[in-house]
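Here's the structure we're looking at; comments come further down.
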Amino acid sequence: MTNPEHTPAKYHFKAYMLLFLIPSVQIGVGIFGFQRYIYKESGHDAWISVILAGIVTHIVMWMMITTMKKNNDDDLYDIHCTLFGKWIGNALSVVIMLYFITNMTAIVRTYIEAVQSWIFPDFPTWLLGLILVVLMVYGSLGGIRVVLQLSFISFIMIAATTILFYYPLQYADWRRLLPVYDTTVQHLVAGAMKMGFTIAGFEVIFFLYTLVKDKDKALRYAQGSILFSNLLYLIIMVISIVYFSENQMPKTIWGSINLLKIIKYPFLERIEFIAIPFWMFVVLPGFMMLAWILVRGTTRIFKWNQKLTIYGIAAVVLIASTCFQNRRQIDQLNDYIGQYSVVISYYYPCLLFIMTYVRQWWKDHKGSKES
């Protein structure tokens, strides 16, 4: 682990690595069954909601990077103190950290449920949770460089898995996309809001940007990473709409896994038995990155020992994940995270963006008065 206040140059990285880091947080367990939540709101126009959410995400990413540039390239913890003062700023940072640790719990429990639903129904929740948090501790102790390497592997696996979704197109009924725009704007917006838990995670740029060497290229590659994630979700959503019937879609809990289930090879009868375990390597980098961000915050604010903190985070996530026993409870957790994801990932950066410009205007106005 590195000292967040004086990060050595060897832990800095080129801007193009954002192409791998940001999708590793955006693309995880949410991809397993995001379709039905959006479809319930937007119907067969759900793909428009995905595009709408993607456009807004690009705008918010621009706001985030602009905010950090206006605040001397500081990360979110420092921006809080600059805009709100030490005490309120640190309190807001604690709220962000609580959000991240809740998000980590949701990631662990949702992945465990996928394994239990499709592969090992009797697999103990605590044991798989322990495996995940142990791997998280190991990777997080290695710092951002380990997360970066795993994110690259994750990106390759995501791209390779996406190719498999071509198979369900053999059974596609493209008429299910028609008529286009058969719903109201309110329903389209509601569908886009439901993408909160799925597409959120790009707010990690608030903590990664300070480590980018060539910051003049950061916005370009950050937008490229979001474009990749948006296109992936859009492709899967369109395939799901043309594959599942109007009655099937709202009832399909694991839409993406069901799409893979129909793929069969002579040497492999059920490909999801391979895809789901391998997806752990897609989930882990984002999981580790959130832990890394949490440790930076606790070290910055409370001066806690980094190793002890990461062990504590692992224990909290493990215990919390075992408290959710059934599908209804896990759904409630994901709904809760989805609502707060929209606030943290979209509304809050807009507020920081506005306050940064207000603060700049006030400084300029005050300076002109004194002169």
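The values are calculated or read from the model by the stated rules, or taken from the named source; none is laboratory data. Here the structure is a predicted model, which is why all the values come from computation and not from measurement. Cβ atoms come from the backbone with ideal geometry, glycine included; neighbour counts cover every protein chain shown. Heavy atoms of the whole protein, side chains included, go into the accessibility calculation; ligands, DNA and RNA do not. Shrake-Rupley method; radii C 1.70, N 1.55, O 1.52, S 1.80 Å.
See the values below:
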| read-out | value |
| --- | --- |
| Residue match in the range 341-361 (condition: under 21 Å from residue 111 (Cα atoms) and assigned to a helix (DSSP H, G or I)) | yes |
| When residues of the range 243-275 are limited to those that are within 16 Å of residue 169 (Cα to Cα) and surrounded by fewer than 18 Cβ atoms within 10 Å (Cβ to Cβ), the one modelled with the lowest pLDDT | 264 |
| Among residues of the range 145-155, those that are open to solvent by 60 Å² or more (accessible area, probe 1.4 Å) and either of a type in the set (Gly, Ala, Ser) or in contact (Cβ under 8 Å) with a residue 60 or more places away in the chain (or both), counted | 3 |
| Number of positions in the range 351-371 that are in contact (Cβ under 8 Å) with a residue 24 or more places away in the chain and either loosely packed, with under 15 Cβ neighbours inside 10 Å or among the polar types (S, T, N, Q) (or both) | 4 |
| Elements of type helices (runs of 4 or more DSSP H) contained in the range 7-73, each with 2 or more residues being basic (Lys, Arg) and farther than 21 Å from residue 243 by Cα | 46-70 |
| Pairs with Cβ under 8 Å, 6+ apart, first in the range 308-326 and open to solvent by less than 10 Å² (accessible area, probe 1.4 Å), second hydroxyl-bearing (Ser, Thr, Tyr) and outside any loop (DSSP other than H, G, I, E, B) | 310/140; 317/105; 321/105; 321/125 |
| Residue in the range 187-208 that is touching a Gly at 6+ places or on another chain (Cβ under 6 Å), of a type in the set (A, V, I, L, M, F, W, C) and closer than 22 Å to residue 38 by Cα present | yes |
| Test: residue in the range 281-296 that is open to solvent by less than 40 Å² (accessible area, probe 1.4 Å), out of contact with any strand residue (DSSP E or B) (no Cβ under 9 Å at 6 or more places or on another chain), more than 30 Å from residue 312 (Cβ to Cβ) and not polar (S, T, N, Q) | no |
| All positions within the range 80-124 that are buried (at least 17 other Cβ atoms within 10 Å of the Cβ) and either closer than 20 Å to residue 261 by Cβ or touching a Pro at 6+ places or on another chain (Cβ under 8 Å) (or both) | 110, 111, 112, 113, 114, 115, 118 |
| The one condition in (1) modelled with pLDDT of 95 or more; (2) within 24 Å of residue 228 (Cβ to Cβ); (3) hydrophobic (A, V, I, L, M, F, W, C) that residue 31 fails to fulfil | (1) |
| Residue among 232, 211 that is of a type in the set (A, V, I, L, M) and touching a His at 6+ places or on another chain (Cβ under 8 Å) | 211 |
| Residue count for the range 54-79, restricted to those that are touching a residue at least 12 places away in the same chain (Cβ under 8 Å), over 18 Å from residue 218 (Cα atoms) and open to solvent by 10 Å² or more (accessible area, probe 1.4 Å) | 1 |
| Per-region count, the range 117-167, residues under 14 Å from residue 279 (Cα atoms) and of a type in the set (S, T, N, Q) | 4 |
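Okay, residues lined up against (1) over 24 Å from residue 288 (Cβ atoms); (2) in contact with a helix residue (DSSP H, G or I) (Cβ under 8 Å, 6 or more places away or on another chain); (3) hydrophobic (A, V, I, L, M, F, W, C); (4) open to solvent by less than 50 Å² (accessible area, probe 1.4 Å):
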position	(1), (2), (3), (4)
143	no, yes, no, yes
157	no, yes, yes, yes
173	yes, yes, no, yes
187	yes, yes, no, no
199	no, yes, yes, yes
218	no, yes, yes, yes
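Quick grid of which residues meet (1) assigned to a loop (DSSP other than H, G, I, E, B); (2) among the hydrophobic types (A, V, I, L, M, F, W, C); (3) in contact with a strand residue (DSSP E or B) (Cβ under 9 Å, 6 or more places away or on another chain); (4) within 30 Å of residue 300 (Cβ to Cβ):
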position: 162; (1), (2), (3), (4): no, no, no, no
position: 179; (1), (2), (3), (4): yes, no, no, no
position: 183; (1), (2), (3), (4): yes, no, no, no
position: 230; (1), (2), (3), (4): no, no, no, no
position: 236; (1), (2), (3), (4): no, yes, no, no
position: 242; (1), (2), (3), (4): no, yes, no, no
